[in-house]
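Student: Have a look at this one.
The values are calculated or read from the model by the stated rules, or taken from the named source; none is laboratory data. Predicted model only: the values in this text are computed from it and were never measured. Methodologically, a virtual Cβ is constructed for each residue, glycine included, from the backbone with ideal geometry; neighbour enumeration extends over all protein chains shown. Calculation scope for accessible area: heavy atoms of the full protein, side chains included, ligands and nucleic acids excluded. Shrake-Rupley method; radii C 1.70, N 1.55, O 1.52, S 1.80 Å.
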Amino acid sequence: MKISISREMPVARTFARDAVKKTLLDLQKENRPDGVSLGTGSAEGAKQDVRVEVPIDLETTAKLARWNEDFSVAVRAHSKTGAFPTFAGSLAIRETAADCAQVTLSGEYHVPLGLLGAAIDAVALNGVARSSLERLLDRIVRGAMERIDHESTEAYIASRRGFV
């Protein structure tokens with residue numbers, strides 16, 4: 001299943017790219033980002049959302065990517081049993097305005113069990129793929145913005161030390 005999800009960041013592309021890169025590398029080191037799952041959504045007929053938290057491994061080429069290249073991103077369940085979906089794609093950061101960047105996660109989401117898995121995903125787990133990857137992208141963007149805020153504060157404090 002092809003998926004493309006975008007989020008806006010109210011910062012210039014250069015700042016967004018650097019912060020997103022560092023955030024991806026941090027998540028890759030953790031290789032179990034808390035709160036990110038490959039199975040959150042609504043099951044058809046359920047009275048409430050079904051939530052399954054699956055620890056994940058995240059792989060990226062962010063460390064090796066040149067300034068104008070997208071980052072490759074692969075996500076799979078930490079257990080590696082083959083019972084959970086996988087994702088392979090890229091994370092692109094584009095300038096949308098002078099001080100705005102758009103972060104887009106796009107690629108292929110693969111469900112296990114071939115056609116049977118695809119049917120179960122389409123009928124019973126409507127929205128799981130998209131909502132799981134939206135949560136991952138939200139975590140990446142939120143982490144990047146927190147990093148930018150922290151670095152801006154640190155730079156401001158450092159610049160004021162000599163003026164007090």
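Student: If you check VAL141 against the conditions, is it under 27 Å from MET9 (Cβ atoms), open to solvent by less than 60 Å² (accessible area, probe 1.4 Å) and β-branched (Val, Ile, Thr)?
Tutor: On the way: under 27 Å from MET9 (Cβ atoms): yes; open to solvent by less than 60 Å² (accessible area, probe 1.4 Å): yes; β-branched (Val, Ile, Thr): yes.
Considered against the rule, which asks whether it is under 27 Å from MET9 (Cβ atoms), open to solvent by less than 60 Å² (accessible area, probe 1.4 Å) and β-branched (Val, Ile, Thr), VAL141 comes out as yes.
Student: What are the residues in the stretch 93-116 that are under 19 Å from the mean Cα position of the chain (by Cα), more than 30 Å from ALA83 (Cβ to Cβ) and small (Gly, Ala, Ser), if any?
Tutor: ALA101 - this is the single residue of the stretch 93-116 that is under 19 Å from the mean Cα position of the chain (by Cα), more than 30 Å from ALA83 (Cβ to Cβ) and small (Gly, Ala, Ser).
Student: Additional query: Among the small types (Gly, Ala, Ser) and buried (at least 16 other Cβ atoms within 10 Å of the Cβ): is that true of ALA98 in this structure? Talk me through it step by step, then tell me what you get.
Tutor: Numbers: among the small types (Gly, Ala, Ser): yes; buried (at least 16 other Cβ atoms within 10 Å of the Cβ): no.
So ALA98 fails the test.
Student: If you take the residues in the stretch 68-119 that are part of a loop (DSSP other than H, G, I, E, B) and charged (D, E, K, R), which one is modelled with the lowest pLDDT? Steps first, answer last, please.
Tutor: Narrowing the stretch 68-119 to residues part of a loop (DSSP other than H, G, I, E, B): 68-70, 78-85, 98-99, 111-113.
Right, trim to charged (D, E, K, R) and you get 69-70, 80, 99.
On the way: GLU69: 81, ASP70: 87, LYS80: 66, ASP99: 88.
Per the stated criteria, the residue is LYS80.
Student: Keeping to the stretch 130-158, report how many residues are farther than 20 Å from PHE84 by Cα and modelled with pLDDT under 80. Walk me through it before giving the result.
Tutor: Restricting attention to the stretch 130-158, the residues satisfying the condition of being farther than 20 Å from PHE84 by Cα are 138-158.
Filter again for modelled with pLDDT under 80, leaving 156.
Total satisfying the criteria: 1.
Student: Here's another thing I want to ask about it. Restricted to the stretch 103-138, and to residues that are in contact with a helix residue (DSSP H, G or I) (Cβ under 9 Å, 6 or more places away or on another chain) and under 18 Å from THR23 (Cα atoms), which residue is most open to solvent (accessible area, probe 1.4 Å)? Spell out how you get there, then give the answer.
Tutor: Going residue by residue through the stretch 103-138, those that are in contact with a helix residue (DSSP H, G or I) (Cβ under 9 Å, 6 or more places away or on another chain) are 103-105, 107, 109-111, 113, 121, 128-129, 136.
Keeping just the survivors that are under 18 Å from THR23 (Cα atoms) gives 103-105, 136.
Details: VAL103: 0, THR104: 25, LEU105: 2, LEU136: 2 Å².
If we take residues in the stretch 103-138 being in contact with a helix residue (DSSP H, G or I) (Cβ under 9 Å, 6 or more places away or on another chain) and under 18 Å from THR23 (Cα atoms), then THR104 is most open to solvent (accessible area, probe 1.4 Å).
Student: It is to be established whether one or more residues within the stretch 46-64 are modelled with pLDDT of 85 or more and part of a loop (DSSP other than H, G, I, E, B).
Tutor: Of the residues in the stretch 46-64, the ones modelled with pLDDT of 85 or more are none.
Checked the stretch 46-64: no residue is modelled with pLDDT of 85 or more and part of a loop (DSSP other than H, G, I, E, B).
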